[in-house]
């Protein structure tokens, strides 16, 4: 069953919820819609890392964030399809965007021996019109509120990135961070995903 | 909430389509036995209802045409109008027009009915002295009849689809609770869980049962279709329907509708010979076609048999050789069943001439795909001058299938039992490397086998399907599957039990992957991939070299 | 609440009649698509009124009317017919039907005839 209103509970990991709540409190004034003296529109992003860079997706496009469940590999599908996973009875495809865009994975952080580090990753469940798809990210995704004006719609250096500019909504600059804002719907509707090799 | 108008309209259309089918059935019967009052009374009643209902809802064209037909039939009943050939043609056309009007109720593009046809109807209704009737031949505008089954069984089918999906979810949870209760070994939980098991099983069967319709709802459309093809091709046929009461899932029936129409048309068009030709062969002038349904455990078997000229094996072989599906030498030694399976190859058609009713480039491959998509099987049997039999083995219900569970490279897979032939355990030494493939002898039959791990997971460029060293362990578990009369042994890593599974379709963007028929959730919550046997077979054939 | 049984072989007609009557505050106690069921339901439900279609798949409405009247002589029956069946309607009135409605009917007409019949 679809849970449309399931944006900020359910599968979201505890940390994420706390972070998001903290964020919302911090930005309390901003997130209140329709303040007459502050007409500037806000954008709520879920921010995560691919390779060495930060990427963001508008929260409206994210149904939930969850610890990646066990993914069943599907032989003879493209490499960027990690497989299928059971998320509360919905069986969805799980995609690896690093593979998909040919982004070099970040160098592994070497952990001192004896440290308890589980190989945990997170899955953003993206809800498209009539289906959902999972996107795996390695670190805990963060929630971020910023004003629309912080997103530069037409950055000139896009040709250098590995991701086709069609999928990029813009580049956000927050403090010293640079966040590439992706339009997931465009990625999902891209022909190459729709027409997987048979 | 639906508006009452909308509800009325849906009911009207559903009922009107039922009436349309029944009218066709009865008029075909009446044509054979004009003296029989029974079909005439029924036709009368149906037209009468159609007229009244259409008038009430405001579809005046339908009520007008129904009224004219009703008048014509009342004249026939009172013997004021003879049931002559010209009259019959006009009446058939009139009933077709009704069907067309009903189907186009929601179509704003639909213009006006053919005026020639309306005029013909007026002529037979008004001109009682039929000496001077001048009926204009109506151009057949509606040769490919779009058959649709009613969407209403007093409840919308999508509601039943939804219920069935929910039952599927429930069964998965039930199995999960069952396995947890066994793990915990808690007596009360075990007893509750076994009760839950029985109830969900009952519920599942009730929902499946609610979706069943009799195959007659589809079969009854065929007397008219067969009659039209036969009359266009100047053939005489008798179509016998058997087992109309056999029950099957409504969606399965909808999916095979076009296929069955295709097969019936083919039978009349290509199977049955012209009357003179039949006489020369010492057969009755009237060709016989039997469309029969019967139940066989969880399946419904539909057979379509004709006593026509049969399929010419030599011609099929020649066509297969010329299309390079097989070498000329190999064709010589081929068994009939293998020859016939070529007919299911994409685009393979023997029709020399394109007639109005068949041979329009739609091959049997399309039929086969439709039947494959619901996990059914189709086979042909044919003997020269004796006739041809098509056998369709269809599941009674869509969702729950018996399947064989197994593991390859730590991934769970299932294959529907419908496609499994047998399961054998065999020593590695009994497998032989022959050329680029592995073969073995199973009960006297030489069967090609393939290691699924290699087929599914090896790099395509380095795939070595004929290499025994790839196998793990000494004893190999082999599942023999059949597809299109070909057998293939699949070597799996671990073989599990047989189980009823609820196949969920894959959602986008994975929904058009051939290799997988869907997925299912195991009691443990693990995802299990359901392999499509036809795709696996094709994939194997394409990768052997 | 007055209880009514509807006899008509068309599901569409039954649905329409049922909605009209239910909206007007009557209770529809049964729907019969054929003569056999009509006779059974008439006995079983013993309604205050029956609306009876004159053409049925297994029986004529007239036969059903006779059958009902044989068992329940005081049963109130209204004939529902289409235009062109005046002969049958007249015969039905002779056999004890109270009045008749001609298809296609308006809601007002149905309710008027029904309430008159029930008042008798």
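The values are calculated or read from the model by the stated rules, or taken from the named source; none is laboratory data. The structure displayed is predicted, hence computed values, not measured ones. Note: ideal-geometry Cβ built from the backbone for every residue, glycine included; neighbour counts use all protein chains shown.
Things worth noting here:
- Unmet criterion (only one of (1) facing chain B (nearest Cβ under 8 Å); (2) part of a loop (DSSP other than H, G, I, E, B)) for residue A:104: (1)
- Filter pass, residue B:450 being at pLDDT 90 or above and under 30 Å from residue B:343 (Cβ atoms): yes
- Qualifying residues in the range A:63-122 (those that are surrounded by fewer than 13 Cβ atoms within 10 Å (Cβ to Cβ) and at positive phi) - the one modelled with the highest pLDDT: A:102
- Residue C:117 fulfils the conditions (1) farther than 12 Å from residue C:7 by Cα; (2) crowded, with 16+ Cβ neighbours inside 10 Å; (3) within 14 Å of another protein chain (Cβ to nearest Cβ) except for a single criterion, (3).
- For residue B:38, the criteria (1) within 13 Å of chain C (Cβ to nearest Cβ); (2) over 29 Å from the mean Cα position of the chain (by Cα); (3) buried (at least 17 other Cβ atoms within 10 Å of the Cβ) hold in every case but one, which is (3).
- The residue of the range B:1-13 that is farthest from the chain's Cα centre (by Cα), among those that are within 8 Å of another protein chain (Cβ to nearest Cβ) and at pLDDT 80 or above, is B:8.
- Test: residue B:184 is outside the structural domain of residue B:100 (by TED's automatic domain parsing), at pLDDT 55 or above and within 40 Å of the chain's Cα centre (by Cα): no
- Selection over the range B:521-545 of residues that are modelled with pLDDT under 85 and touching a helix residue (DSSP H, G or I) at 6+ places or on another chain (Cβ under 8 Å) gives a count of 7.
- Screening residue C:14 on (1) touching a helix residue (DSSP H, G or I) at 6+ places or on another chain (Cβ under 9 Å); (2) closer than 29 Å to residue B:10 by Cβ; (3) within 14 Å of chain B (Cβ to nearest Cβ) shows it passes everything except condition (1).
- Residue within the range C:65-84 that is within 14 Å of another protein chain (Cβ to nearest Cβ), at pLDDT below 85, crowded, with 18+ Cβ neighbours inside 10 Å and under 15 Å from residue B:49 (Cβ atoms) present: yes
- If you check B:490, B:465, B:452 for being over 34 Å from the mean Cα position of the chain (by Cα) and crowded, with 17+ Cβ neighbours inside 10 Å, only one passes: B:465.
- Some residue of the range A:163-178 being at pLDDT below 75, out of contact with any helix residue (DSSP H, G or I) (no Cβ under 7 Å at 6 or more places or on another chain), under 18 Å from residue A:55 (Cβ atoms) and away from chain B (no Cβ under 14 Å): yes
- Flag if residue A:141 is closer than 25 Å to residue A:106 by Cβ and modelled with pLDDT under 70: no
- Restricting the range A:119-137 to residues that are more than 14 Å from every other protein chain (Cβ to nearest Cβ) and farther than 20 Å from residue A:101 by Cβ, the residue that is nearest to the chain's Cα centre (by Cα) is A:120.
- You will find that of C:86, C:94, the residue that is free of Cβ contacts under 8 Å to residues at least 12 places away in the same chain and farther than 29 Å from residue B:18 by Cβ is C:94 and no other.
- If the condition is being assigned to a strand (DSSP E or B) and more than 21 Å from residue B:306 (Cα to Cα), then the range B:226-252 contributes B:247, B:248, B:249.
- Of all residues in the range B:470-489, those being in contact with a strand residue (DSSP E or B) (Cβ under 8 Å, 6 or more places away or on another chain), without any contact (Cβ under 8 Å) to a residue 60 or more places away in the chain and not in a strand (DSSP E or B) number 3.
- Which listed residue, of C:42, C:38, C:92, C:97, is part of a loop (DSSP other than H, G, I, E, B), closer than 29 Å to residue B:43 by Cβ and more than 14 Å from chain B (Cβ to nearest Cβ): C:97
- The condition (being out of contact with any strand residue (DSSP E or B) (no Cβ under 8 Å at 6 or more places or on another chain), closer than 23 Å to residue A:75 by Cβ and modelled with pLDDT under 90) is satisfied by just one residue among B:467, B:459: B:459.
- Test: residue in the range B:201-213 that is crowded, with 17+ Cβ neighbours inside 10 Å and within 30 Å of residue B:94 (Cα to Cα): yes
- Residues satisfying the stated conditions in the range B:490-515, i.e. touching a helix residue (DSSP H, G or I) at 6+ places or on another chain (Cβ under 8 Å), modelled with pLDDT of 80 or more and either more than 11 Å from chain A (Cβ to nearest Cβ) or in a strand (DSSP E or B) (or both): B:490, B:491, B:492, B:493
- Boolean, residue B:43 is more than 14 Å from chain C (Cβ to nearest Cβ), surrounded by 23 or more Cβ atoms within 10 Å (Cβ to Cβ) and within 18 Å of residue B:220 (Cα to Cα): no
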